[in-house]
Amino acid sequence: MNARELNEQLEPTEVLRFIGYHKSSPTASGKEIRDYCPIHKGNKQKSLSISQENHLYICHSCNATGDLIDLYAKSSGLEFRDAVEQLASQFHPHHLSFTREPSSAPKLPHKTSSEHSKISVNDRWNKCSETGKHPYLSKKKISSPPGVRFGQDDHGNHSLVIPFYNAERRLQTLQFINEHGKFFLKDISYLSSFFLLGDIKEGEQLYIAEGVATAMTIWEALEKKIVVASVGSAGNIAVAVAAIRKNFPSLRIKLALDNSKAAMDALHKVEPPFTYSIPDFSSANIPEGIKVDDFNDLISVCGFSTEDVKYQLEKSLDWNEKIKKE
Ligand SMILES: [Zn+2]
């Protein structure tokens, strides 16, 4: 299956639901579906129009246009290729060999994605050990975060295993971290799920970070008194915030962003109100050839103290103020 075939098989309303824009309420009118645009976060009129015939969309307000994969990619801050993979794993988990070229791969009989995922996530999690060590923790200068386990990824590599839960606190997927990188279970979407340090309480503050090491650094710098979530990637920030707010509408959200373009792009997709902080490397000694961008790098690469990190975190910026100035 290639991207064009995937687009044909996707259901426009299912893709809108998967995007999870909180304003979304699709309505059919003739051969098109109208909705609030999840790309520019429209909330006044249903400017998004999706053709039920060819599964192409146009937004009459921001002028974005493309297929359903492009709609999902732009709404979630993802590369087209990653959007293909995530949509395929959500809706067609057994057709994962995607190319842009037509493929002649035979169709396999398939289980639904929820059947498949329920078995594998809990099985995989139960096979992991609650105690262990991993070089990633020492490299990042963090202690073992509570709630994580140790186990093997799909290729047998010893990994730190991070449980990602949905807003209803059910285990949704696992992230494996080892010397080859960070990987989620490949047949399940991690979008809208997160790993949590501490317990969310309505009305209190919640910090949101991308990576687990960053979340752990923030949690330690704030003396483990403030709840911190790791959402895994910039593309998941806005989606996860929306999912969390459905269950905890009065949480005070603070984004502890990476100093990166992807994070800045993601910032524009988060529904206000929120505040945010970005690590400041201007006074840091950065070893040559090393790339730094997150709050953990301040400690693990630049040798800053947890007090320095706390000071930087508390210099928050208010999104509404920034918007007024723009
Ligand atoms: Zn738009």
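Nothing in this text is a laboratory measurement; each read-out follows from the coordinates by a stated rule. Given the structure is predicted, the values throughout are model-derived calculations rather than measurements. Ideal geometry is used to build each Cβ from the backbone, glycine not excepted, and the neighbour counts take in all protein chains shown.
Computed over the chain, the per-residue total of -39500 (n - 2.57) for DSSP H runs of n ≥ 4 gives a 222 nm mean residue ellipticity of -9000 deg cm²/dmol, rounded to 500.
Taking a sphere under 10 Å around the Cβ of L251 and counting the other residues whose Cβ falls inside, with K and R at +1 and D and E at -1, yields a net charge of +2.
Which whole-number percent is the relative contact order of the stretch 130-325 (Cα, under 8 Å, 6+ apart)?
Values: 367 pairs, mean separation 31.9, N = 196.
It rounds to 16 percent for the stretch 130-325.
Projected onto their three principal axes, the Cα atoms of the stretch 173-265 cover extents of 38, 28, 26 Å, largest first. Set Lys and Arg Cβ to +1 and Asp and Glu Cβ to -1, take the dipole of the stretch 130-325 about its Cα centre, and tell me which of H180, Q312, I286 lies farthest positive. The residue sitting farthest along the positive end of the dipole is Q312. The alpha carbon centroids of the stretch 229-295 and the stretch 121-190 are separated by 21 Å. Between S230, S283, S316, the Gaussian network model of the chain with springs among Cα atoms under 10 angstrom shows the greatest mean-square fluctuation at S283.
Inter-label distance, N2 to S29: 3.5 nm, where each label sits 7 Å from its Cα along the C-beta direction. Computed log10 I(q)/I(0) for the stretch 3-91 at 0.10, 0.11, 0.20, 0.26 Å⁻¹: -0.20, -0.24, -0.86, -1.49, from the Debye equation with unit scatterers placed on every C-alpha and solvent omitted.
Computed over the alpha-carbon pairs of the chain, the distance histogram in 10 Å steps reads 5, 24, 32, 25, 11, 2, 0 percent, short to long. Estimated from the Cβ-Cβ distance and a Förster radius of 35 angstrom, the FRET efficiency linking K201 and S282 is about 0.50.
The calculated FRET efficiency for the pair I290 and F183, based on their C-beta separation and a Förster distance of 25 Å, comes to about 0.65.
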